[in-house]
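Scroll down for the structure; my scribbles are underneath it.
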Amino acid sequence: TRKESSAASDVYKRQSVSYPPLLFAAGSLHTVMNEVIVAYQAQGGAVFQAQYGPSGKLRQQIEAGAKVDVFASASIAHTDALAQQELLGTSTVFTHNALCVLVRPQLDVQEDNLLDVLANPAVRVATSTPVSDPMGDYIWQFFRNADKKQPGIYRLLDAKVLQLSGAKMPVDGERLPYITAFEDNKADAYIMYHTNALVTKQTLPELKVVGIPDDLNVRSAYGIAASLQSEEGKRFADFVLSSAGQEILKKHGFDE
C-alpha cells in the first residue's frame, strides 16, 4: 500500500541519514576525494562520509574492527594486506604520486644541488612519519636511493629531519601541517608528495617546488579496496577507476 511504501521510504531515509557509506582515505587525497564524492553523487551515487588521515593509522583502525565501505590508501601494501585478511575485497592500484621538495624562496636549490642543500646543517628539513604514513616510508626510500649516490647521506638525513606530519589522525578543521610548518617557521624545506606541494602553494605561493631527480625519486602506488559486504563501496571504487574519476585525479596532480 501507499502507506506501507511511505513508511518504508521513511525508514530508508533515516538509515541513509544515520548510516551514510563511509570512505577512509589518505590525507593526501583529501581535496581530490571530496571532488570525486560530489561527482559520484551527481551521477546517482550515494553521499559518502569521508575520514582522512595517515593510511597506516586508517589500516590499523580497520584491522581493529572499524567498518568502512571503501578504503583509498596512499600505499597499495595496506589495501593488499586488508584484502589478504578478507577485511576488504580486491585491492587495485588506482593512481600514482611522486615526491618533491617545497622550499623557502631564499634557498638557492635546484635538482643538481638538492642533496647538498638538504644535508646542510643550517637547513631545517621536514618530513612525514614513516610506518604510520606511507609518505614517510617513501621519503626514507628516497634517502636510501640518495645514499647509493652520496654515501653517508642516509644516516645524516635520518638523524636531522623533523617529522612534522603523519604521526596522528588530523583534527577536524586543522590546518595542513605543511602550511603550518612554514607559517610557524619550523622548516626551510619540506619533502612531500607533488600533489601536497600544489595544495600548499595555493596558500603560500611564494614557496618553490624543486623536483627530485628521477633516479632518486620514489613513485607511490595508491590502492583502493571496498568492503566485501558493501555494494555502494564497490560502485564507488569502480567510479574512482573510471575515466571520470581518473580525470579528477589527474586534474589534482596525480598520474596513472
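The values are calculated or read from the model by the stated rules, or taken from the named source; none is laboratory data. Nothing here was measured: the structure is a model prediction, and the numbers come from that model. Positions of Cβ are backbone-derived with ideal geometry, glycine not excepted, and every protein chain shown enters the neighbour counts. What goes into the accessible areas is simple: the full protein's heavy atoms, side chains included, and nothing from ligands, DNA or RNA. Shrake-Rupley method; radii C 1.70, N 1.55, O 1.52, S 1.80 Å.
List of remarks:
- Selected residue (only one of Gly136, Gly152, Gly166, Gly211 is at positive phi and under 23 Å from the mean Cα position of the chain (by Cα)): Gly166
- Residue that is most open to solvent (accessible area, probe 1.4 Å), among those in the range 93-121 that are outside any helix (DSSP H, G or I) and free of Cβ contacts under 8 Å to residues at least 24 places away in the same chain: Gln106
- Subset of the range 56-71 (residues that are modelled with pLDDT of 95 or more and either in a strand (DSSP E or B) or open to solvent by less than 30 Å² (accessible area, probe 1.4 Å) (or both)): Leu58, Ile62, Val68, Val70, Phe71
- Hey, Tyr190 crowded, with 16+ Cβ neighbours inside 10 Å, out of contact with any Asp or Glu (no Cβ under 9 Å at 6 or more places or on another chain) and in a helix (DSSP H, G or I) or not: no
- Residue identified as open to solvent by 50 Å² or more (accessible area, probe 1.4 Å), modelled with pLDDT of 95 or more and either outside any loop (DSSP other than H, G, I, E, B) or aromatic (Phe, Trp, Tyr) (or both) among Ala237, Ala159, Ala221: Ala159
- Residues in the range 122-156 that are touching a residue at least 60 places away in the same chain (Cβ under 8 Å), open to solvent by 70 Å² or more (accessible area, probe 1.4 Å) and assigned to a helix (DSSP H, G or I): Lys149 alone.
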